[in-house]
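Below you'll find the structure, written out as structure tokens, and then a few comments.
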Amino acid sequence: MGVEPPPDTAVHDQESDPAAAAAVVPVEKETETETKSDMAKTSTSLPQPTPSWFTPKRLLVIFCVINMINYVDRGAIASNGVNGSPRVCTKTGVCSHGSGIQGDFNLSNFKDGVISSAFMVGLLVASPIFASLAKSINPFRLIGVGLSVWTFAAAGCGISIDFWSITICRMLVGVGEASFISLAAPFIDDNAPVTQRTAWLGIFYMCIPTGIALGYVYGGWVGDGFGWRYAFFGEAILMLPFAILGFVMKPLQMKGFSPTGTKKSLTTPETNVIEIEVITNDKDVPVSKHTSKEPSRFGLFWKDIKALLAEKIFVINVLGYIAYNFVIGAYSYWGPKAGYSIYHMSNADMLFGGITIIGGIVGTLSGGFILDYMNATIPNAFKLLSTATFFGAIFCFSAFCFKSLYAFIVLFLIGEILVFATQGPVNFVCLHTVKPSLRPLSMAMSTVSIHVFGDVPSSPLVGVLQDNIKNWRTSALILTSILFLASGIWFIGIFVQSVDRYNEDSEHQDGTTEGTNTTPLLEEKTIERDVGSSEA
């Protein structure tokens, strides 16, 4: 009768007419479908860095060589051929020229010790900086920058003219090394086979004792044959190709960081990135952008530090590592002198170098493989850390109790193998107890902590102890007993609740996947081929 039906009549008619209902598509659902489709297109059309010619094993080998060159430098500058001996004057006023760095620059023992440890200044200052920059600059490029600084600094040591010039160059060597030590381990952990991650880390850290021992031999051979300056020139030449490689090859991407060249950023609390921008290749699709006041870089860094300190497992692991490194650092510096004094070794340098090489290689590799065999979890890592350190301490302590040199060699070698078995597991815990975006910082802060509170103060403190008691056997026994403290700290970690956060950046709490690059770059080609074949 001229009265319009109520608004819901049309809806009722559509429900009663299936054809009409099928023809009507809700606007909201259509928009949602298109948005999801556009997001899918966006995720596939974003420019992804293509993998380089590296396979994971090649990456491991290259990082191992770089790490070994780093520690060859440590051993070389401590060798007699490079470090040399001071000038000595007789009562009649006749002075010898001395040899090596100490002789040429007429250095006191104190200044000579400053040169040997000056790289620590650059290392400790630059490690957190490189770890923080990894969030905004491709980490592999940072390694290239750091190795370039290392190369020029090593060459600078060879042309130095006095104490201050070589000290500054040694500091810069530490700056260059800082980029590598905080970023290499996360790369290796990303690309290692799942069942062999700790073994691969063990292989990488095996290069530390091996490199130092080779540095003793290299420094003595080159320094005695050609002069100490050529030892540094040789190191620079060896490192130069790897520095260039960091710039010319296609950059690798670490897990937990946004792909290079995209505007998409992680949105986890630890990364503290609050600007989200989705870029698509379709000009008709609007760009959604939400920005807010961005905190300063220092504020982000401090927030990351607080996130690390909030991880009880990380703190316990580093505390045990500090006590462990306190002993190992003093062993490497005072071991030959103590061995010569206690057992009257004529070749203490070579003997301790040989024990270090064998113990380092066998122990480090064994620790990694054993943890993988046990199933690489954080509690299992702490079990291995505590057990190996405890029995290693028993054997090393017993070795210094025997008066027989042969008994000392056997027992101390077994102790060194057990003690070095911790290298893979302790770094596994550092990497897996924090989110991927914090792994470079966790490695950097772990390195800073074990040096600042571990091997840097241990050598002078042991020297003070020896000056007071004047008995190397007693000093060595007191030092070795600190390994029991390290074992006890790691034993506590077994009972503290832990979560492996290796994949945590890639997922929200509700289980939805976040749009970030969490796949190691070396695996991308395989994934792309699989996707292409499935679509076909």
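Could you list, ordered by first residue, the pairs with Cβ atoms under 6 Å in which the first is in the stretch 131-154 and over 16 Å from Leu59 (Cα atoms) and the second is at pLDDT below 80 and in a loop (DSSP other than H, G, I, E, B), at least 6 apart or interchain?
Partner pairs satisfying both residue conditions: Ala131/Ser182; Asn138/Pro251; Asn138/Thr260.
Yes or no: Val72 crowded, with 22+ Cβ neighbours inside 10 Å, of a type in the set (A, V, I, L, M, F, W, C) and touching a Leu at 6+ places or on another chain (Cβ under 6 Å)?
It is true that Val72 is crowded, with 22+ Cβ neighbours inside 10 Å, of a type in the set (A, V, I, L, M, F, W, C) and touching a Leu at 6+ places or on another chain (Cβ under 6 Å).
Considering Phe395, Phe420, which residue is more than 23 Å from Ile181 (Cα to Cα) and not small (Gly, Ala, Ser)?
Phe395
Working only within the stretch 133-159, note down all residues that are of a type in the set (S, T, N, Q), out of contact with any Leu (no Cβ under 7 Å at 6 or more places or on another chain) and open to solvent by less than 50 Å² (accessible area, probe 1.4 Å).
Selection gives Asn138, Ser148.
So Thr356 ticks every box in (1) in contact with a Pro (Cβ under 7 Å, 6 or more places away or on another chain); (2) without any contact (Cβ under 8 Å) to a residue 40 or more places away in the chain; (3) among the β-branched types (Val, Ile, Thr) but one. Which box is left unticked?
(2)
From the list Ser449, Ser459, which one is assigned to a helix (DSSP H, G or I), within 14 Å of the chain's Cα centre (by Cα) and in contact (Cβ under 8 Å) with a residue 12 or more places away in the chain?
Ser449
Going by the conditions given, is Gly532 exposed (fewer than 11 other Cβ atoms within 10 Å of the Cβ), on the phi > 0 side of the Ramachandran plot, modelled with pLDDT under 90 and not in a strand (DSSP E or B)?
no
Which one is modelled with the highest pLDDT among residues in the stretch 493-524 that are open to solvent by 40 Å² or more (accessible area, probe 1.4 Å) and assigned to a helix (DSSP H, G or I)?
Glu504
Just for helices (runs of 4 or more DSSP H) wholly inside the stretch 156-236: which have at least 3 residues that are within 30 Å of Met374 (Cα to Cα), β-branched (Val, Ile, Thr) and touching a helix residue (DSSP H, G or I) at 6+ places or on another chain (Cβ under 9 Å)?
197-225
Among the residues that make up the stretch 484-492, is at least one of them assigned to a helix (DSSP H, G or I), open to solvent by less than 30 Å² (accessible area, probe 1.4 Å) and over 27 Å from Ala178 (Cβ atoms)?
Yes.
Going through the stretch 470-483 one residue at a time, which ones are assigned to a helix (DSSP H, G or I) and modelled with pLDDT under 90?
Scanning the stretch 470-483 gives a single hit, Trp472.
In the stretch 113-130, what count of residues is obtained for those that are touching a Phe, Trp or Tyr at 6+ places or on another chain (Cβ under 9 Å) and either of a type in the set (Lys, Arg) or buried (at least 21 other Cβ atoms within 10 Å of the Cβ) (or both)?
Matching residues across the stretch 113-130 total 2.
Just name the residue that is farthest from Ile77 (Cα to Cα) out of those in the stretch 186-228 that are among the small types (Gly, Ala, Ser) and buried (at least 22 other Cβ atoms within 10 Å of the Cβ).
Among them, the one singled out is Ala192.
Among the residues of the stretch 371-385, which ones are open to solvent by 10 Å² or more (accessible area, probe 1.4 Å) and not acidic (Asp, Glu)?
Tyr373, Met374, Asn375, Ala376, Thr377, Pro379, Asn380, Lys383, Leu384
Here is a yes/no grid of residues against (1) in a helix (DSSP H, G or I); (2) under 23 Å from the mean Cα position of the chain (by Cα); (3) farther than 14 Å from Leu413 by Cβ:
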residue	(1), (2), (3)
Ala330	yes, yes, yes
Trp334	yes, no, yes
Lys337	yes, no, yes
Ile342	yes, no, yes
Gly353	yes, no, no
Gly360	yes, yes, no
Ser366	yes, yes, no
Asp372	yes, yes, yes
Phe390	yes, no, yes
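The values are calculated or read from the model by the stated rules, or taken from the named source; none is laboratory data. Computed from a predicted structure; not experimentally measured. With ideal geometry, Cβ positions are generated from the backbone for all residues, glycine too; neighbour counts draw on all protein chains shown. The area values use the complete protein model at the heavy-atom level, side chains included, leaving out ligands, DNA and RNA. Shrake-Rupley method; radii C 1.70, N 1.55, O 1.52, S 1.80 Å.
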